[in-house]
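Read the structure below first, then the notes.
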2 protein chains.
Amino acid sequence: MKHQGKKKATIYDLSVLSGCSASTVSAVLNGTWRKRRIKESTAELIQNLAEQHQYTANLQARGLRNSRSGLVGLLLPVHDNRYFSSMAQTFEAEVRSHGKCPVVVSASRDPQEELATVATLISYSIDELFIAGATDPDSVHDLCEAAGIRHINIDLPGTKAPSVISDNYQGARMLTQAIIKRFDDAAVPLKPEELFLFGGRNDHASRERIKGFRDIKTELLGHDSDACIQPTGYSPNMTQKAFEAFYEREGKLPRGLFINSSINFEGLLRFMAQHPHETFADIVVGCYDYDPFGSFLPFPVIMIRQDTESMLAKAFELIEEARPAVKIHLIQPELVHPRTALKGPLDSIRDIDA
Amino acid sequence: MKHQGKKKATIYDLSVLSGCSASTVSAVLNGTWRKRRIKESTAELIQNLAEQHQYTANLQARGLRNSRSGLVGLLLPVHDNRYFSSMAQTFEAEVRSHGKCPVVVSASRDPQEELATVATLISYSIDELFIAGATDPDSVHDLCEAAGIRHINIDLPGTKAPSVISDNYQGARMLTQAIIKRFDDAAVPLKPEELFLFGGRNDHASRERIKGFRDIKTELLGHDSDACIQPTGYSPNMTQKAFEAFYEREGKLPRGLFINSSINFEGLLRFMAQHPHETFADIVVGCYDYDPFGSFLPFPVIMIRQDTESMLAKAFELIEEARPAVKIHLIQPELVHPRTALKGPLDSIRDIDA
DNA sequence: CTTTTTTGCACAATCGATGGTGCAAATAAT
DNA sequence: ATTATTTGCACCATCGATTGTGCAAAAAAG
């Protein structure tokens, strides 16, 4: 049964077996046979043969002919954090439900690698591309445009293709406000110079978040100084160093921390590993990203959950439009209070033991 | 510059432009031109033209001709947890360094979907397949075998293809021992009926872990009863329900908890969200998976980090062998003490702000 | 100045599926 | 019985790249 010839059956094999022409076999097997007025009995004959011989279409051949592949790509900066991995999870489900094949690849936030990766995907005649968190979305756009590939930006916007991103400004305001509010009934009120923002770089998301942070901070605490903004890039290590430097200088951490992403939060973890519990005794952390474990740390952690489901839903909607307007669609994120375990994309997977 | 014709240049275009035949163009552009004794000057001419016209090979056409695609697949149960997402991250880097294109797909731990997904990958003439955490690796093997595709099991073993998995038995022993040790200087010593295992199902990994757990428990605490094993499947929800049921019954949690995976740990988080801090006052948790945030929870969390780098390295080594022996290769996992922030695959990504 | 060898490349088949076109046989209309 | 339709399918070019083969021109050998 398993050794029945290393070679996969082709329409030509079935053509011989059935006595029909290859084009008839092809039509039967790709469902266009009614349109081609093929007799039902012929169709059945061929379908049975196909099943017997475990025929599956060679998708490269089909793709070559159609100059489409049935592949839908998602370009990610990295896999290894909850924001992007849950995005990948949702993406896959969505693409599958459209009868296509999802392909998820990461490009390490490296503009060169982004372009190279996308070029490769294009060479496979990928049908559509979702560009998430790209450092240089517009160059990626140019590639797609030249190849005639429908594409859309997610998470970080571009200026040449429609973009779906979370409302970073509003989210940052919500988060900052929630952090400050936590100190409402503190013995000593929070001073502006005790509330810092760590992480991020000079991208659209970081800029918006910083703006939201500063606006609310000024509004509620009356003042905000540049010194309180510490963009460390998206690197745990750099973030850790920033915390160490601060601690070295001040002998303690800021009472209020706005951390730009869960990746930066990992920098704080590394710092934590080097210091005793007490260092974090009355600290309040806000993190612009949701991680279920992060939500239960020993100090209050307020998080922002970006609504990847809605973002992707909107993105799929737009990408199906003929000529979607090049504009930025904002999706509202959600404030997550400390000690909250939200459901995620995994919850829609049935568990056979359930 | 960007609108220079929607169509991508082909070797035929370059053939016309250069005055050479398509086969010459092909040879030049795929590097076999020396072997074909093409003049250096012709090669240069064509290479320049290719660059000017932004030629990139149509990989579907190449794949069709070669019946290879340059794609290397990783089949995952799910994306959305740190174990698998860091595996994906490592996998991508490794595949890229081999000059191939990584494709990561998940199949939701659903045997049907696993087979369907693999069938699709095979239809794209994927070159190699890494099968991680498959529920039915042997059926997947049959598909690959029939298509002549090199493949290997990771995380969960099969009986028909070589497998690289972590040493779940030893890992579980280490973890259980570490949990018990934590109670060494407790006022009241830990009793066997206070140490429970939650999560997992009837797969190879769970069975080994349960065995390790029970062996050490019996060894160190003198006794272990079946009641202390609560396999809840790999579902946060089921796990939460199990904890709720236990709590309902006993009015408290077990003092010692062995949690079978980070996914099950999320079930504990959901339980935690419903109960005050005090419920977890003197609890010790061991989790068979590492999650950086999980390591810093308010109670001691001992974790096992499975060595995905070594697993993948070994897997790549094996998959390149001509006829690798069908055996199980065990990779030692690492015990991670509470409040530890390990480096991960992201650390090897250069940060442009660094 | 022949004959042999080497150089440089063109030709054409092939991978598997698709879809426009055309044509004979079956059926219907007159 | 003849013409007009419809049915059912085969033929063939095509998508873009690869590769075995063959052959003329150039270079080397004699």
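Nothing in this text is a laboratory measurement; each read-out follows from the coordinates by a stated rule. Only a predicted model underlies this, so the values are computations on that prediction, with no experimental measurement involved. Glycine gets a Cβ as well: all are built from the backbone with ideal geometry, and neighbour counts include every protein chain shown.
Note on region A:261-338: Cα convex hull, mean projected area over all directions, 6.1 nm².
Only bridges whose two residues both fall in chain B count here: according to DSSP, what percent of them are antiparallel, nearest 5?
Expressed as a percentage, antiparallel bridges in chain B total about 10.
Note on the protein assembly as shown: Kirkwood radius taken over Cα pairs, Stokes-Einstein applied at 37 °C and 0.692 mPa s, translational D equal to 119 µm² s⁻¹. A simple spin-label model places the labels of B:His337 and A:Lys7 6.3 nm from each other, with each point 7 Å out along Cα-to-Cβ.
Summarising the overall dimensions of region A:119-159 from its C-alpha atoms, the Rg and Dmax are 9.4, 26 angstrom. Each listed q (0.11, 0.16, 0.19, 0.22 Å⁻¹) maps to a log10 I(q)/I(0) for region B:1-141 from the Debye sum over equal C-alpha point scatterers, namely -0.58, -0.88, -1.03, -1.23. Residues B:Tyr288, B:Tyr234, arranged from fewest to most other Cβ atoms within 10 angstrom of their Cβ, appear as B:Tyr234, B:Tyr288. Largest GNM mean-square fluctuation among B:Thr239, B:Thr24, B:Thr279, using chain B with Cα springs under 10 Å: B:Thr24.
Largest mean-square fluctuation among A:Gly73, A:Gly233, A:Gly148, in a Gaussian network model of chain A whose springs join Cα atoms under 10 Å apart, belongs to A:Gly148. Length gained on full extension, B:Asn30 to B:Glu193: 52.0 nm, using 0.36 nm per residue less the C-alpha separation. Between A:Arg68 and B:Glu250, the C-beta separation translates, for a Förster distance of 56 Å, into a calculated FRET efficiency of about 0.45. Computed with the Debye formula from one identical point scatterer per Cα of region B:144-210, without solvent, the log10 of I(q)/I(0) at q = 0.24 Å⁻¹ comes to -1.06. Neighbouring Cβ atoms from other chains, within 10 Å of the Cβ of residues in B:74-86, number 6 on average.
May I ask you to derive the FRET efficiency for B:Asp226 and B:Asp185 from their Cβ-Cβ distance with R0 = 41 Å, giving the value to the nearest 0.05?
Numbers: r = 30 Å, r/R0 = 0.72.
Between B:Asp226 and B:Asp185 the formula returns 0.90.
Taking other C-beta atoms within 10 Å as the exposure proxy, B:Phe246, B:Phe296 rank B:Phe246, B:Phe296 from fewest upward. Beyond a 32 Å Cα-Cα separation, which of these cross-linked pairs lie in this structure: B:Lys191/B:Lys327; B:Lys8/B:Lys100; B:Lys7/B:Lys314? Beyond 32 Å between Cα atoms: B:Lys191/B:Lys327; B:Lys7/B:Lys314.
If you average 1/r over every pair of different alpha-carbon atoms in region B:9-71 and take one over that average, what Kirkwood value in Å do you get?
Value: 11.9 Å, from the Cα pair sum.
Here the label points at B:Lys211 and B:Gln52, each 7 Å from Cα along the C-beta direction, are separated by 6.8 nm in the simple model. First check a/c for region A:174-231, with a ≥ b ≥ c the square roots of the eigenvalues of its C-alpha gyration tensor; if it is under 1.5, answer rounded, and if not, answer prolate when a/b is larger than b/c or oblate otherwise. Prolate shape, in that a/c is at least 1.5 and a/b is the bigger ratio.
Counting beta carbons within 10 Å around each of A:Leu175, A:Leu115, A:Leu156 and listing the fewest first gives the order A:Leu115, A:Leu156, A:Leu175.
Projecting the Cα atoms of A:Phe280, A:Tyr247, A:Gln54 onto the charge dipole of chain A (Cβ charges, centred on the Cα centre) puts A:Gln54 farthest toward the positive pole. Rg and Dmax, both from the Cα atoms of chain B and both in Å, are 26.0, 89. Position A:Asp136: other-copy label points at 4.6 nm, ordered by increasing distance, label point 7 Å along Cα→C-beta.
In nm², what is the average projected area of the convex hull enclosing the Cα atoms of region B:85-192? Could you put the intermediate results ahead of the total?
Working: hull surface 37.7 nm².
Average projection, Cα convex hull of region B:85-192: 9.4 nm².
With a Förster radius of 45 Å, plug the Cβ-Cβ distance of A:Thr279 and A:Thr218 into 1/(1 + (r/R0)^6) and report the FRET value to the nearest 0.05. About 0.95, to the nearest 0.05. Computed from the alpha carbon atoms alone, the convex hull of region A:57-118 holds 87 Å³ per residue.
One Cα centroid belongs to region A:51-93, the other to region A:227-305; the line between them spans 37 Å. Taking springs between alpha-carbon atoms closer than 10 angstrom, which of B:Thr340, B:Thr176, B:Thr56 fluctuates most in the Gaussian network model of chain B? Between B:Thr340, B:Thr176, B:Thr56, it is B:Thr56 that shows the largest mean-square fluctuation.
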